[in-house]
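The values are calculated or read from the model by the stated rules, or taken from the named source; none is laboratory data. Nothing here was measured: the structure is a model prediction, and the numbers come from that model. Glycine gets a Cβ as well: all are built from the backbone with ideal geometry, and neighbour counts include every protein chain shown. The area values use the complete protein model at the heavy-atom level, side chains included, leaving out ligands, DNA and RNA. Shrake-Rupley method; radii C 1.70, N 1.55, O 1.52, S 1.80 Å.
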Amino acid sequence: MTESRTRRGVRGSVWRWYLVVGFVAWGLYLVLPRGGPTQGLLYVGLGILVVAAISGRKELEEKIAHQALYDPLTDLANRALFADRLKQAIAGAPRHGRRVVVLVLDLNGFKAVNDTFGHSVGDQLLIEVAARTVQCVRPSDTVARLGGDEFAILLEDAGVQEAVGVAERLLERFRESFDIEGQELFIDLSIGIAECPSGSVGAEALLRDADAAMYTAKRAGKGAYEIFHPEFHVAVLKRFELSTDLRRAIEHGEFVLHYQPIVTLREGTITGVEALIRWIRQDGRMVSPADFIPVAEQTGLIVPIDRWVMKEACRQARAWEEEFSDRPPIGMSVNMSVRQLQDARVTKEVQKTIQESGLDPARLTLEITESVLMREVEATLAVLNELKTLGIRLAIDDFGTGFSSLNYLRRLPVDVVKIDRSFVAGIASQSSEWTLARGIVRLVHELGLETVAEGVERADQRAHLQALGCRLAQGFFFARPMEPDAVAALLAKTSTRSA
Ligand code: C2E
Ligand code: CA
Ligand code: CA
């Protein structure tokens, strides 16, 4: 980058000097008395001006060529130049016995910086990012800005091992903050690495592979790198296909809710239900949430989906409350995704939904998985406390699967702890699960919270849980997730009106 800049600069000043000398010679010719040596000055001056014009034009041509190949903001190679260099490297690799490896870098949270601090700060940040990246490679390597906040590096005769070295250096360097217009900004990277094993792979394919690896790294969380494996490509394709279909599903309203009863362990009486989403595709196939919720979370589509779930569940709960007003109303549990918790407006939105449905907020329980709670403790805690002011109940879902410290439970404004299926599954056969489950139940009760055992499938599991003092359960042993009509039939059985 700097090299090309200086070269251009030197030549630029040379033609300007020619111009000056040429005009001086011409000026002298004009002011000096005519004849003799003065005549020579005219020719020398004209000659120098011609040279100036030629080199000036050459510079202009170079400038145009430069613009076509370099990113104007960062002065790094652009996508076209990068693709060209990559092609050459791949073509020449077998002949020279060289390896070709590329890294694709994507900034996390760049959009937020742009939105919050404005484009001028965003631009400055990109320039700084470019500079930092260049510092982490050798001068012979090519660093490019592919567009937006995506960068790429082509390492000259290096393999995956060297690429990993560069990736680690980059991640280390990006842990330091950027100082942009007095703002201290932190930005981290996701890096994908792909190596071309032979000359048979095209430049486009190699970039695409590095991209796929980068997305895998992104999913792994903050500041990570990943090396391409062939199966990533299939995963990316599938995910893309699914996200396109999901978008359509939202527009066409292809979702329904099923409800799984939450019952008392002892009597099996229904006290509430958990709303579980189902996607009925146009061909009538039902897709399990386990297959599309992760994609919906990655693409952000989970936000409109869960907004609909919350609305529909509240409406349904209120409808049952009215229909079976002669029996104690049941509770409604709704799953919440991380994305919702990260949205500053979540409390307002939930409040609006509850008000519109007319449901008593005390009937609504929001379930949040433990792993999500543990991720960003302080930020999440603030949102949970805010949600609690609405008068709703909060449950920790899948408890025992995260890195939960039981002590941490004391700080959370939760009402219910749902003991994960894996504990229940092993409770009868293995004593370690039993011991753990006992510990959890004891502490939870000590804190005055409610426990719900998840995934109860057999009578012996029920007996063990009951012995531990667990009061509520959910599982195939009692009832599977069912359509709304089936829930209504269940409620009708325990209603005095129909009895
Ligand atoms: P979850 O919240 O832990 O929901 C319980 C899951 O366990 C449900 O799977 C349910 O069908 C299943 N299950 C219940 N009893 C048993 C049992 O006895 N044995 C076994 N093996 N499984 C049992 P489902 O409906 O496939 O949902 C999977 C996950 O998808 C849910 O796990 C939840 O994390 C997520 N999910 C479901 N609906 C929604 C939703 O509306 N929004 C969001 N964000 N996530 C949802
Ligand atoms: Ca749940
Ligand atoms: Ca669960």
Do you know which of the residues in region 392-433 that are open to solvent by 20 Å² or more (accessible area, probe 1.4 Å) and modelled with pLDDT of 95 or more is nearest to Leu472 (Cα to Cα)? Asp415
Flag if Asp84 is at pLDDT 80 or above and part of a helix (DSSP H, G or I): yes
Can you name the residue in region 318-332 that is closer than 14 Å to Leu364 by Cα and charged (D, E, K, R) and is also least open to solvent (accessible area, probe 1.4 Å) among such residues? Glu321
Hey, can you tell me all the residues within region 170-190 that are open to solvent by less than 90 Å² (accessible area, probe 1.4 Å) and within 20 Å of the chain's Cα centre (by Cα)? Leu170, Leu171, Phe174, Leu185, Ile187, Asp188, Leu189, Ser190
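Among the strands (runs of 3 or more DSSP E) confined wholly to region 93-204, which include 2 or more residues that are touching a residue at least 24 places away in the same chain (Cβ under 8 Å) and under 22 Å from His229 (Cβ atoms)?
It comes to 100-108, 150-155, 188-196.
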Residue that is in contact with a strand residue (DSSP E or B) (Cβ under 9 Å, 6 or more places away or on another chain) and without any contact (Cβ under 8 Å) to a residue 60 or more places away in the chain, where the choices are Phe255, Phe240: Phe255
Pairs please, first residue from region 380-397 and on the phi < 0 side of the Ramachandran plot, second anywhere and open to solvent by 30 Å² or more (accessible area, probe 1.4 Å), Cβ atoms under 6 Å, 6+ apart in sequence or on different chains. Leu390/Gln351; Leu390/Pro361; Ile392/Pro361; Arg393/Asp415; Leu394/Asp415; Asp397/Thr369
Positions within region 72-81 being of a type in the set (A, V, I, L, M, F, W, C) and part of a helix (DSSP H, G or I), in sequence order: Ala80, Leu81
With the structure loaded, tell me whether Val273 is open to solvent by 10 Å² or more (accessible area, probe 1.4 Å) and either within 16 Å of ligand 2 (Cβ to nearest atom) or not basic (Lys, Arg) (or both) or whether it fails that test. no
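Among the residues in region 47-60, are any open to solvent by less than 80 Å² (accessible area, probe 1.4 Å), charged (D, E, K, R), at pLDDT 75 or above and in a helix (DSSP H, G or I)?
yes
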Pairing a residue in region 275-291 that is under 20 Å from Val334 (Cβ atoms) with any residue that is part of a loop (DSSP other than H, G, I, E, B), where Cβ atoms lie under 7 Å and the two sit 6 or more apart in sequence or on different chains, gives Leu276/Pro481; Trp279/Glu254; Ile280/Glu254; Val287/Arg281
